[in-house]
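Participant: Below is a structure I'd like to ask you about.
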Amino acid sequence: MKASRGSLDRNLAVPDPFHAFFSFPANKGGYSGVAVYTDTRTVTPLRAEEGLSGTVQPKVPLTTDERISRSYPSAHEMELMPDDNDNTPSDLTALDTEGRALVLDFGLFVLINVYCPNETSDVRLPFKMNYHFMLQERVNKLIGEGREVIVVGDINICAAPLDHCDGHLTSNAATFHDHPARAWFHNWLTPNGSMTDVVRSFWSGRKGMYTCWNTKISARETNYGTRIDYILVTQGMLPWIKHGDIQPFLKGSDHCPIFIDLHDEITTPTGQMLSLRQVMPSDRGQTEPPRLAARRWDEFSGKQTLLSSFFAKGGKMMTAAPTASDTTDDSQPPGSPSPCSSQASAILSTDTAPQLSEAVPPDLAHVQDPDFTTLSESLPFLTTATGPTPQSPTPVPLPSESNGDPETKRVAPLKRTSTDPPAAVASKPSKKQKKDKGKHPGSDVGSGSGQRTLAAFFAPQASQSQSSPQLPPLAKSQRQPSASQTEWGASEHPSQLSSEDDQIATDHRLALHLTSLQEAEPLPLLSSTKNGSCSNSKEAWSLLMAPTQPPKCTVHGEPAKEYTVNKPGPNKGKTFFICSRPVGPGYDKGKGERPREEVDHRYRCSFFMWSANARREALKKNGGTPLPNRP
């Protein structure tokens, strides 16, 4: 279970009606971990421990009554494998820091759920082997105390050639048990050892009974896998085992479930009838599960407040203090603006007011407002044709004295005080800007560098003697603004609109001129070229930008499949082609990996080609120019 304690939510940690037990790595969060769920309606464990060495303890160590065993494995009593420096571990604490084991006592038996280490490299082999030795020693200690044991989980070892997809090949079968991990496992299982592979005992000769597949190469499609997940039991538990099997049809992981069923009752050799509920009662008078259960963690037992609870729905919301604009002064009549809103209106009543008024259509300026006679009066920066010019401050409406009649409404001009923010005052164009505006009519007043118009891009350079083309004059109907435009811009001074009108007129005449030139003489790009150079160029670009066609593998003659290198290194991100057929027993791994006589050509061959090489070969076949290497 690749998770961490902090990432567990309540649905995973305490799902009713189950008790959950977890073991997480001490340093590498999400690297490894195991979990056990027990149904409270069926059984409740008596005790629970984390780890195999007995050294992994909660903050408050387990008492003697809470412990499962009286004795635990010890490094000086075991024969451990030394590392590359010929150093042997002096204790087993380091082996138990990766959260790989849970031990639960159910009365009838002790359950050990493990996730044994994988041999990722030669350096990792001593750690893997010593963990197996510790597991075996813990089981031996329990057997010595007269307990029955069930070991479940990922052992990460194939017990026999029948449990490996390539185990039947001659090169593997002869040396299969030469590996130290396979040799240890072979000696731990019956008839050599004390543990019975109970699932295999029900399917002794079944082939392809695999529990793990490499999903990166789509090995599950052809059942090219291994059996590394087991249920191992001691001899005293065999009479209780009813059935066992795997469930490869249940997907969602690179492993599949494995299970056993127990008899409800058995008859002992002495003729005594035993019921499973008698030897494994569901409660045994316990009011709470063992202390290791997630239900008794502080974050799930109500002793600790989770951070997420502060952001949950229905929680107390902090109420912001009311501002001046949110409060109403009883001394003022309804509809009158508050001092704060008056100050905000004064800030908006600057030279920028006409620009803001352009954003609202004229017809909205006459919408009735419950507090003001017109919207234009309620929003001081929306001026009408009869309003003041932008150079004068915008008046602020005061309370009406004649039943809200707009003709008799008093207004009072506001003067800027020292408390007004400086950003509220619109900047007036300087003398230098006005001078630049006269020299460059197309520039924008108020901008430091100026903004060029569309006509400026087509104008001749100053050094050229050729004059600019004569642009047709603007029609009279085009120069006259519409009625809505007249009403909309009536509040603006004509001198402010002259520069903008000149820009629009110049751009419009330029567009008409270019249109007439296009109708008189077609553009060269649209005309036909000699010797079909245009069509040749199009074909060349199409060939260059087209996706690389997959090459065909040399054995099957089928289009290959493209993959991307994700492994860190110099080739990361590069793409390559390999045979598109799935992997299977005896697929061609290459001359150095697979003997030629064991290759099965029904599966993937050893074809490989970088995508860059495939692209160059495709261009050569089409008569194109080879491309340089690229990732």
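Participant: Using a simple spin-label model with points 7 Å from Cα along the Cα→Cβ vector, what separation in nm is obtained for Leu619 and Ile217?
Facilitator: 3.3
Participant: Give, rounded to the nearest 20 debye, the magnitude of the charge dipole that segment 1-158 has about its Cα centre when Lys and Arg contribute +1 at Cβ and Asp and Glu contribute -1 at Cβ.
Facilitator: About 540 debye.
Participant: Set Lys and Arg Cβ to +1 and Asp and Glu Cβ to -1, take the dipole of segment 51-205 about its Cα centre, and tell me which of Ser194, Leu108, Tyr72 lies farthest positive.
Facilitator: Farthest towards the positive pole: Leu108.
Participant: What does the extension gain come out to for Asn27 and Arg277, with contour length at 0.36 nm per residue minus their alpha carbon separation?
Facilitator: This chain segment gains 86.0 nm when fully extended.
Participant: Specify, per residue and in Å³, the volume enclosed by the convex hull of the alpha carbon atoms belonging to segment 179-245.
Facilitator: 103
Participant: Where does segment 35-86 land on Rg(C-alpha)/(2.2 N^0.38 Å)?
Facilitator: 1.60
Participant: Over the residues of segment 1-47, compute the C-alpha Rg and express it relative to 2.2 N^0.38 Å.
Facilitator: 1.23
Participant: What ranking, highest mean first, results for peptides 134-141, 162-169 when packing means the other Cβ atoms within 10 Å averaged over each residue?
Facilitator: 134-141, 162-169
Participant: Between segment 559-618 and segment 231-283, what is the separation of their alpha carbon centroids in Å?
Facilitator: 45
Participant: Round to the nearest 0.05 the FRET efficiency obtained for Lys567 and Asn11 when R0 = 41 Å and r is the Cβ-Cβ distance.
Facilitator: Efficiency for this residue pair is about 0.70.
Participant: Could you estimate the translational diffusion coefficient of segment 204-281 from the Stokes-Einstein equation, with Rh from the Kirkwood formula over C-alpha pairs, at 10 °C and 1.306 mPa s, in whole µm²/s?
Facilitator: Rounded, D is 106 µm²/s.
Participant: Roughly speaking, what is the stretch gain from Ser121 to Arg296, that is 0.36 nm per residue apart minus the C-alpha to C-alpha distance, in nm to one decimal?
Facilitator: The span from Ser121 to Arg296 would gain 59.1 nm if fully extended.
Participant: When you have a sec, figure out the Kirkwood radius of segment 541-620 from all distinct Cα pair distances and drop it here in Å to one decimal?
Facilitator: Result for segment 541-620 stands at 13.9 Å.
Participant: Sticking with this structure for a sec: Could you give the nm distance between label points at Ser171 and His76, where each point is 7 Å from its Cα heading toward the beta carbon?
Facilitator: 4.8
Participant: So, one more: Taking each pair of distinct Cα atoms in segment 1-157 once, what is the resulting Kirkwood hydrodynamic radius in Å?
Facilitator: Taking every pair of different Cα atoms in segment 1-157, averaging 1/r and inverting gives 16.4 Å.
Participant: Per-residue counts of other Cβ atoms within 10 Å, averaged by peptide: what ranking do you get for 271-277, 182-188, highest first?
Facilitator: 182-188, 271-277
Participant: Under the rule of at least 5 residues apart or a separate chain, name every residue whose amide H is placed under 5 Å from the amide H of Lys552.
Facilitator: The list, which skips near neighbours in sequence, is Ala560.
Participant: OK, next. Dipole magnitude of segment 69-208 about its Cα centre, charges +1 at Lys/Arg Cβ and -1 at Asp/Glu Cβ only, in debye to the nearest 20?
Facilitator: In total the dipole reaches around 600 debye.
Participant: Related question: In whole percent, and with a 1.4 Å probe on the protein chains, what portion of the accessible area of segment 174-274 is carbon and sulfur?
Facilitator: 53
Participant: What order, most packed first, do the peptides 55-65, 106-116, 604-614, 214-224 have when packing is the mean number of other Cβ atoms within 10 Å of each residue?
Facilitator: Averaged packing, sorted descending, gives the order 106-116, 604-614, 214-224, 55-65.
The values are calculated or read from the model by the stated rules, or taken from the named source; none is laboratory data. Keep in mind that this is a model prediction, so the values were computed, not measured. Every residue, glycine as well, gets a Cβ built from its backbone with ideal geometry; the counts of neighbours run over all protein chains shown. Ligands, DNA and RNA are excluded from the accessible area calculation, which covers all protein heavy atoms including side chains. Shrake-Rupley method; radii C 1.70, N 1.55, O 1.52, S 1.80 Å.
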